[in-house]
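K.L.:
Got a structure here, written out as structure tokens. Questions coming.
The values are calculated or read from the model by the stated rules, or taken from the named source; none is laboratory data. What you see is a predicted model, and the numbers here were worked out from it, not measured in a lab. Note that each Cβ is placed from the backbone with ideal geometry, even for glycine, and that neighbours are counted across all protein chains shown. Heads up: the accessible areas ignore ligands, DNA and RNA and are worked out on the full protein's heavy atoms, side chains in. Shrake-Rupley method; radii C 1.70, N 1.55, O 1.52, S 1.80 Å.
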Amino acid sequence: MIFLDSAATTPVRREVLEAMWPLLTADFGNPSSHHELGESAKRALDGARTSVAASIGCRASDVIFTSGGTESDNLAIKGLALAEPRGRHIVTSAIEHEAVLESVDYLVRVHGFEVTVLPVDSRGVVDLKQAGAALRPDTTLCTIMYANNEVGVVQPIAAIAELCREYAIPVHTDAVQAAGWLPLDVAELGVDALSLSGHKLGAPKGIGALIVKGRRSLEPVLHGGGQERGKRSGTENVAGAVGFAHALALAESDRVERVERIARLRDGFVTDVITRLPDVILTGPSLAGATLAPRPDSGTGIGTGTGTGIGIDAARQTESGPSASAPDRLPNNASFCFPGTSGESLLLELGRAGIICSAGSACAVGSDEASHVLIAMGIGEAIAQTAVRFSLSADTTAEQLATVAAEIETAYRAVRSLAG
Ligand code: PLP
């Protein structure tokens, strides 16, 4: 099996499991218990909190352990917006994860909030001028993701936070996909809140964290025993928190080297796929390190929305080199549209060859609608249905990617010939 679906989830790292094991067995106390076992669990939890704070550049008291990215997004958005007395207006983007979009929608439906949804360009990037223009004196929260789960586009979060600072508007970013691949220092990013999820990083499913800078008040979503300083009730997942802290520290420790290595492999893979299949479209920002064959501009149905046409950007690289203004992209993401096929049939064909990847996003259960991210980027619905995402891990090798590129070619030709 070749696993290229790390954006969906990752296996638990051995070191992480080893760090968790004592907390699941002999040292199994409840951190709220006033006896030795409880106090030992509390020390482990406090240690995990301090470790996460060191990885993120915040104070230990800013760290709230949650059950994962979805809960962190819900708590950040509902918690910050409902605690902020200045108004009922939220700014977000059109390509957020469902955990963000649905939380915002809840505030609109149930609490009468107004929302401004920022469009993105053909690469998936939010326009700073439009972001600035959307901010109002009654804006309660600006929530924009750090890196997108489908096309890997990285948003200019520090610049957006700077705009918000002028009006003292709280800023939240969903950093679930960024963690382990991009710098996470909250002071440098300038955000007030940041969501993280353990299972994208080599920790188990069911653990994550929300960072909320101390100056911001937060209305809890879960009420009960007052754990996590009253911000998230429920007996803490001590072993999960310890595993999460360990995974985050490990991911940070070799991030720079890994990013360089995996980005190079990814660039080679994209070049290989597009050279074999010139009709295939790389979605999201173009790549600095890939040499892409010029792609015919006609007959793909691309560029029917607001953008200039996905893939055109990439094709132009050959002539002019990467643009200095080109936004970054997650180093482990390669996402394509395969005109004349369907993402699901390609997935099946690749699955038969032992290759695991994803059609669109695995985060929306049973959804076969075209991706809202690709639609927002101006890709027509028919082409958006042909999307497949490959997300690399630290263990991905050049040999694996060469095999996958060859199998993609075979699968693409097979699916196209069946489609007539
Ligand atoms: N936010 C983003 C960007 C994601 O990619 C995901 C999951 O893929 C989530 C939030 C939800 O995280 P979790 O699966 O931990 O609930």
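K.L.:
State which residue is nearest to Leu287 (Cα to Cα) when the search covers only the stretch 136-190 and only residues that are of a type in the set (Gly, Ala, Ser) and touching a residue at least 40 places away in the same chain (Cβ under 8 Å).
P.N.:
Filtering first and then ranking leaves Gly152.
K.L.:
Any chance you could count how many residues in the stretch 231-265 are assigned to a helix (DSSP H, G or I), of a type outside the set (Lys, Arg) and open to solvent by less than 30 Å² (accessible area, probe 1.4 Å)?
P.N.:
13
K.L.:
Of all residues in the stretch 22-49 being in contact (Cβ under 8 Å) with a residue 40 or more places away in the chain and not in a loop (DSSP other than H, G, I, E, B), which is nearest to the ligand (Cβ to nearest atom)?
P.N.:
Ala48
K.L.:
Tally time: how many residues in the stretch 186-223 are within 11 Å of the ligand (Cβ to nearest atom) and under 12 Å from His172 (Cα atoms)?
P.N.:
Here the count works out to 2.
K.L.:
Right, another one. Could we say that Glu228 is open to solvent by less than 20 Å² (accessible area, probe 1.4 Å), more than 16 Å from the chain's Cα centre (by Cα) and in contact (Cβ under 8 Å) with a residue 60 or more places away in the chain here?
P.N.:
The answer is yes for Glu228.
K.L.:
If only one of Leu80, Leu4 is surrounded by 19 or more Cβ atoms within 10 Å (Cβ to Cβ), within 16 Å of the ligand (Cβ to nearest atom), of a type in the set (A, V, I, L, M) and under 23 Å from the mean Cα position of the chain (by Cα), which one is it?
P.N.:
On inspection, the qualifying residue turns out to be Leu4.
K.L.:
(1) away from the ligand (no atom under 16 Å from the Cβ); (2) buried (at least 24 other Cβ atoms within 10 Å of the Cβ): which one isn't true of Ala134, the others all being true?
P.N.:
(2)
K.L.:
With the condition kept exactly as written, say whether any residue in the stretch 44-58 is open to solvent by 50 Å² or more (accessible area, probe 1.4 Å) and touching a Cys at 6+ places or on another chain (Cβ under 8 Å).
P.N.:
no
K.L.:
Considering only the stretch 355-370, state which residues are at pLDDT 95 or above and within 15 Å of the ligand (Cβ to nearest atom).
P.N.:
If the condition is that a residue be at pLDDT 95 or above and within 15 Å of the ligand (Cβ to nearest atom), then Cys357, Ser358 are the ones that fit.
K.L.:
Right, something else. Filtering the stretch 7-21 down to residues that are open to solvent by less than 60 Å² (accessible area, probe 1.4 Å) and outside any loop (DSSP other than H, G, I, E, B), which residue is nearest to the ligand (Cβ to nearest atom)?
P.N.:
Of everything passing the filter in the stretch 7-21, Val16 is nearest to the ligand (Cβ to nearest atom).
K.L.:
Select from the stretch 59-74 the residues that are charged (D, E, K, R) and away from the ligand (no atom under 13 Å from the Cβ) and write down the one among them that is surrounded by the most Cβ atoms within 10 Å (Cβ to Cβ).
P.N.:
Within the stretch 59-74, the subset charged (D, E, K, R) is 59, 62, 71, 73.
Next cut, away from the ligand (no atom under 13 Å from the Cβ) only: 59, 62.
Numbers: Arg59: 14, Asp62: 23.
Among residues in the stretch 59-74 that are charged (D, E, K, R) and away from the ligand (no atom under 13 Å from the Cβ), the one surrounded by the most Cβ atoms within 10 Å (Cβ to Cβ) is Asp62.
K.L.:
Could you say which residue among Leu118, Leu101 is within 12 Å of the ligand (Cβ to nearest atom), within 26 Å of Ile281 (Cβ to Cβ), within 18 Å of the chain's Cα centre (by Cα) and not charged (D, E, K, R)? Give the steps one after another, and end with the answer.
P.N.:
Numbers: Leu118 fails: within 12 Å of the ligand (Cβ to nearest atom).
Within the list Leu118, Leu101, the selection yields Leu101.
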